[in-house]
Protein chains: 4
Amino acid sequence: MCRWIAYSGSPVLIEDLLYKPANSLVVQSKHSRLGVETVNGDGFGVGWYGSHETPGIYHSIEPAWNDRNLRELSAQASAGRVFAHIRASTGSAVQQTNCHPFRHGRWLWMHNGAIANFPTVKRDLTLAVDPSLYPDIEGSTDSEVFFFLALTFGLAEDPPGAVARAVGLIEETGRRHGVELPIQMTVATTDGETTWAFRYSSARQSRSLFHSTDVSTLRSQYPDNPVLHDLSKDARLVVSEPLGDLRGAWQEIPESSCIIVRGARADLHDFAPV
Amino acid sequence: MCRWIAYSGSPVLIEDLLYKPANSLVVQSKHSRLGVETVNGDGFGVGWYGSHETPGIYHSIEPAWNDRNLRELSAQASAGRVFAHIRASTGSAVQQTNCHPFRHGRWLWMHNGAIANFPTVKRDLTLAVDPSLYPDIEGSTDSEVFFFLALTFGLAEDPPGAVARAVGLIEETGRRHGVELPIQMTVATTDGETTWAFRYSSARQSRSLFHSTDVSTLRSQYPDNPVLHDLSKDARLVVSEPLGDLRGAWQEIPESSCIIVRGARADLHDFAPV
Amino acid sequence: MCRWIAYSGSPVLIEDLLYKPANSLVVQSKHSRLGVETVNGDGFGVGWYGSHETPGIYHSIEPAWNDRNLRELSAQASAGRVFAHIRASTGSAVQQTNCHPFRHGRWLWMHNGAIANFPTVKRDLTLAVDPSLYPDIEGSTDSEVFFFLALTFGLAEDPPGAVARAVGLIEETGRRHGVELPIQMTVATTDGETTWAFRYSSARQSRSLFHSTDVSTLRSQYPDNPVLHDLSKDARLVVSEPLGDLRGAWQEIPESSCIIVRGARADLHDFAPV
Amino acid sequence: MCRWIAYSGSPVLIEDLLYKPANSLVVQSKHSRLGVETVNGDGFGVGWYGSHETPGIYHSIEPAWNDRNLRELSAQASAGRVFAHIRASTGSAVQQTNCHPFRHGRWLWMHNGAIANFPTVKRDLTLAVDPSLYPDIEGSTDSEVFFFLALTFGLAEDPPGAVARAVGLIEETGRRHGVELPIQMTVATTDGETTWAFRYSSARQSRSLFHSTDVSTLRSQYPDNPVLHDLSKDARLVVSEPLGDLRGAWQEIPESSCIIVRGARADLHDFAPV
């Protein structure tokens, strides 16, 4: 499986997010604490919204922990919206087009989990992608097809609704092919303004997902972390696992729910497939 | 576009094929003489039939001319059937799953050329692939979809017929989408025993393709080439461009034809899409 | 050999430098016009001074023309000082630690050319590097050893003097080993404020080197190039070969000379080894 | 640190060594049991003696567990002498020239451990390498310098003596620079006929090292392992950690000793630096 983090707030140097925390994503790439796989070394990706309309993306097939370009890039680039993802392949090839976050226009998408028996259902799911979007699929992962299903179902207009319909189709398609538990997922998506994150699985035993309490709480818990002192009050993180030991600074996102982060607000909603 | 060579005959050290000739495929990777692109540096691949049922494959995203592992591998491995291909991408990603030769079971396939406007026709063509074969598509190239269409249409039973039907479908599909000249191709495929090579294009102006005259003629033309002296009499090469200056040693394969190489025999047939 | 460009001026989007010009460095990576090698596909590098003291570096072993991360990075990052280099290896391995520009502290260094018979003189030259700097040598190229010799001889205090002494040592060492023409070079180095570029060779037949005339002249010659309209008046380029057809916009830097670019000023000096 | 295996015996398919055992080297690359690092994902290498004088080498910067070319190569190549190594970098770059086994002529060399404070002692140690060998150093690791010291001290004539002198120099040099415990090592080297393996560290607390008991014992312990049934009686393995659970099949090589494997014989000797 994988691990990811989604940041929104005042512009932050990417290395402050990826390298500085005690249990940073780069640390997790070698030794994840809560992941199904402890090693997430099958490539990684970063997406960030700089001063341009379209977010930048850096995808690499190296493990994050030994990639020098990631260290360089993240020491130079600041952004107010950052998605980062480390990958543990469940079978599909380790190649840049299979690295998250995936991008379409202004949208980014990343996924931890899997569509069960993907080879069996891949054709049916891919056929359900809008033919005008179909040529933009570049890789071979379940996660990217999932993204394109959400785009097909109106991600740009109604993200929770589009994801619910995509998950509904995945579950229906899986069951039609005899797959008992068709999906396992934590997903984050953003248009550069708002972040939507989902925690759901057919078995209702979803991978871990947390969001940060407000920055002032974090600051008091990590007084030695200079990064936190530079963050704006509305800075928020949604993460596969806490970036440090003080779990109190992090709230678990409940099973079968969606969190919508917009500025300082973080609203929880129930999530169910349609 | 790309360049390729297909060898059959007595076991030969792969480096004798890929590095030794004056205009070897590795030389062509940097300076092709007859190619549409002079540089074919977007990855490469080698497929070879060793002592096992299934051929081995080495795919790399580095240019062939600077890949040390290719040099090592080809200095160690001998084979009686070798396919090798250097790639100049026409847009799809440079990744191992897009490198030729593609493999399915005992079959290898490599292609120089393109399906025109592939993004436009990709969905229709991919849908025509047998659903049981569909999950085995790993990359994003036109060439691999072409291979899977040929497999769908019976490559294993009747290679020329299957390729003719695949090309027929590609042309029909292209024209339905307003593509005037849907395909440009030289293709080689083998089951490890026989090699079938095709030269065709909708415009009837196909990429170059040559086959070697018999080895004794080659030997007399390249007296200083020790490789040729070790080859069996039935050794044959089909190549995108001659491996040396003496073009007399090479016969051009005519437009719209198929050559079938089995042992010392090389039979030419007309080729037309069905 | 290689090709490089050195930019100084108002902050510019890196893609405007690397992709937009008709004969951009990325174009040159596949089809250099004036280079000894037409293909410079053995990796590349970019160094840029963003908002931090230390410049960022992106090094890749892929050819520049097909590297997606370069496209992404250069579409996001703006900088007022940019060094970029495409490599055609003269033998040493294609690896990130052999990609230019090399960095030490705030300094960047890039080189087109070669130290002749480098394996023969490498040990003596490396021994001449200051022992306190020695451990920072990471790669295996002549260019990096040359950089460390210049650092040893006081690059930070007197760049032209340090380079002259480094070249003097290289020539003396080469001749001691029977090398007639020990060096071929165009070199650029910068501390982020000033750029020094050198054109020299033992044979006095050095690789090409040009600098841009002032921006207003360039603008009138490339009226359709929007990039030029955004540049400050003091923007300057030093390049291995002109970025477009209008050579009049470019002045050749004479044999055996050094150009010092500081703000809008570009001063030419004679250069001779010490 | 790292993990390695050294095989000698009847020709064996490399995949039988690298993939088939329960705790194979590929498994160890993600989850080493006895290593200082559980993850050895910073590249790997295989060296094998095929039908040629010089062994072949495959070096990759990908983690072994996800490298498809390794799987292909090892499914095709058989050899009677195989060295394989997975790397966990202690700081030097992840690049092919830093991957073990290193090769010089017919000799292979691989190392688990480190020369302590290598940046401090690197220059002195490198200077001690025979000047005629010096230009052949390609990478930046301590392990390769160690190999070249052994070559300098007569590896080809007296391997145990040469390694003892190299270790003696490393310890003397380290201590002169204030390094208390200059070396930690398990090393294997071979000329393609005999394998010498060393276990030593300045602290006398060396990394684990085991050798297989004779094949008939192994067969009885792993009755379901078809690989073992194909091996000749003289097949021997020296490994960083046992390839399966039944430790009884493996004998620990004692601290400060050297094992010499030639045919079916495996002789233990004391090892001490000179």
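Values in this text are rule-based calculations from the coordinates and carry no lab data. What you see is a predicted model; the values in this text were computed from it and never measured. Cβ placement follows ideal geometry from the backbone for every residue including glycine, while neighbour counts extend to all protein chains displayed.
Given R0 = 25 Å, the distance between the Cβ atoms of D:Thr54 and D:Arg265 translates into a calculated FRET efficiency of 0.50. Between the Cα long axis of helix B:159-176 and the first principal axis of chain B there is an angle of about 40°, rounded to the nearest 10. Across the range A:187-257, the mean sequence separation of Cα contacts (distance under 8 Å, 6 or more residues apart), normalised by length, yields a relative contact order of 41 percent. Length, then width, then depth: along the principal axes, the Cα atoms of the range D:107-163 run 30, 25, 18 Å. Take each residue of peptide C:131-143, count the partner chain Cβ atoms within 10 Å of its Cβ, and average: the result is 3.
Rounded to the nearest 10 degrees, the angle from helix A:118-127 to the longest Cα principal axis of chain A is 80 degrees. For the range A:118-171, the set of GluC sites (Glu not before Pro) satisfying both a DSSP loop assignment and a count of at most 14 other C-beta atoms within 10 Å is given as A:Glu157. When restricted to Cα atoms, the range D:53-93 yields an Rg and a Dmax of 12.0, 34 Å, respectively. Taking a sphere under 11 Å around the Cβ of B:Phe102 and counting the other residues whose Cβ falls inside, with K and R at +1 and D and E at -1, yields a net charge of -2. In this assembly of identical copies, the label point of A:Pro160 (Cα plus 7 Å along Cα-to-Cβ) is separated from its counterparts by 6.4, 6.9, 7.5 nm, sorted shortest first. Between copies, the label points at C:Lys20 (set 7 angstrom from Cα along Cα-to-Cβ) are spaced 3.3, 5.3, 6.1 nm, reported in nanometres from shortest to longest. Filter the GluC sites (Glu not before Pro) in the range D:31-83 down to the DSSP loop ones having no more than 15 other Cβ atoms within 10 Å, then list what survives. Taking the range D:31-83 and a limit of 15 other Cβ atoms within 10 Å, the loop GluC sites (Glu not before Pro) found are D:Glu53.
Just to confirm a number: summing +1 for Lys and Arg and -1 for Asp and Glu over residues other than C:Leu155 whose beta-carbon lies under 15 angstrom from that of C:Leu155, what do you get? Write out the running numbers ahead of the final one.
Working: positive: C:Arg103, C:Arg106, C:Arg165; negative: C:Asp130, C:Asp136, C:Glu144, C:Glu157, C:Asp158, C:Asp191, C:Glu193.
So the environment of C:Leu155 carries a net charge of -4.
Ratio of the range C:104-215's C-alpha Rg to 2.2 N^0.38 Å, to two decimals? Let's see the in-between values first.
Working: Rg = 13.7 Å, N = 112, 2.2 N^0.38 = 13.2 Å.
Normalised Cα radius of gyration, the range C:104-215: 1.04.
Please work out the Kirkwood hydrodynamic radius for the range D:149-264, using every pair of different C-alpha atoms, and report it in angstroms with one decimal place.
Details: mean 1/r = 0.0639 Å⁻¹.
Every distinct Cα pair counted, the radius reaches 15.7 Å.
This model, with +1 at the C-beta of Lys and Arg and -1 at the C-beta of Asp and Glu, gives chain B a dipole about its Cα centre of some 340 debye. Mean-square fluctuation check for chain C, GNM, Cα pairs under 10 Å: which of C:Pro242, C:Pro119, C:Pro254 is largest? Most flexible of the set in this elastic network: C:Pro119.
Using only alpha carbon pairs under 8 Å that are at least six residues apart, calculate the relative contact order of chain D and give it in whole percent. Don't skip to the end; give the middle numbers.
Working: 632 pairs, mean separation 57.0, N = 274.
That works out to 21 percent.
Using 1/(1 + (r/R0)^6) with R0 = 30 angstrom and r between the beta carbons of C:Asp224 and A:Arg68, what's the FRET efficiency to the nearest 0.05? Show your work: numbers first, answer last.
Values: r = 38 Å, r/R0 = 1.27.
For C:Asp224 and A:Arg68, the calculated efficiency is 0.20.
Normalised by 2.2 N^0.38 Å, with N the number of residues, the alpha-carbon radius of gyration of the protein assembly as shown equals 0.95. Only one residue of D:Leu151, D:Leu169, D:Trp250 has its Cα farthest out toward the positive end of the dipole of the range D:151-271, where Lys and Arg carry +1 and Asp and Glu -1 on Cβ, and that residue is D:Leu169. Chain C residue nearest the axis that carries C onto D, by Cβ, with distance in whole Å, is C:Gln95, 2. Using a 7 Å projection from Cα along Cα-to-Cβ, the label point at B:Gly263 is separated from the same position in the remaining copies by 4.4, 8.3, 8.5 nm, smallest value first.
Charging the Cβ of each Asp and Glu at -1 and of each Lys and Arg at +1, and nothing else, the dipole of the range D:147-256 about its Cα centre rounds to 300 debye. Taking other residues whose beta carbon is less than 9 angstrom from the beta carbon of C:Ser257, and scoring Lys, Arg as +1 and Asp, Glu as -1, yields -1.
Hydrodynamic estimate: the Kirkwood radius of the range A:185-238 over Cα pairs, inserted into Stokes-Einstein at 25 °C and 0.890 mPa s, corresponds to D of 188 µm²/s. Roughly what percent of Cα-Cα pairs across chain B reach past 27 Å? Summing the P(r) of chain B above 27 Å gives 32 percent of all pairs.
Normalised by the residues of the range B:74-113, what does the relative contact order come to in percent, with Cα pairs under 8 Å and at least six apart? Walk me through the numbers on the way to the answer.
Values: 23 pairs, mean separation 12.8, N = 40.
This gives 32 percent for the range B:74-113.
Using the Cβ-Cβ distance between B:Ala272 and C:Glu252 with R0 = 56 Å, the FRET efficiency computed as 1/(1 + (r/R0)^6) comes to roughly 0.45.
Mind checking the dipole of the range B:189-236: about its Cα centre, +1 per Lys or Arg Cβ, -1 per Asp or Glu Cβ, Debye to the nearest 20? Provide the component values of the computation, followed by the final result.
On the way: 6 positive and 6 negative charges, 73 e Å.
Using Cβ point charges on Lys, Arg, Asp and Glu, the range B:189-236 gives about 360 debye.
Counting only lysines at least 8 places from C:Lys30 when in the same chain, those with an alpha carbon closer than 25 Å to its own are B:Lys20, B:Lys30, C:Lys20. In the range A:11-50, how does Rg compare with the Kirkwood Rh, expressed as the Rg/Rh ratio over alpha carbon atoms? With Rg and the Kirkwood Rh in hand, the quotient comes to 1.01. Based on alpha-carbon atoms, the Kirkwood radius and the radius of gyration of the range C:147-211 give Rg/Rh equal to 0.99. Can you classify the range C:6-132 as rounded, prolate or oblate using the Cα gyration tensor, where a ≥ b ≥ c are the square roots of its eigenvalues, rounded means a/c under 1.5, and otherwise it's prolate if a/b beats b/c and oblate if not? Here the range C:6-132 falls in the oblate category. Scaled against the 2.2 N^0.38 Å expected of a compact globular protein of N residues, the Cα radius of gyration of the range D:61-141 reads 1.27.
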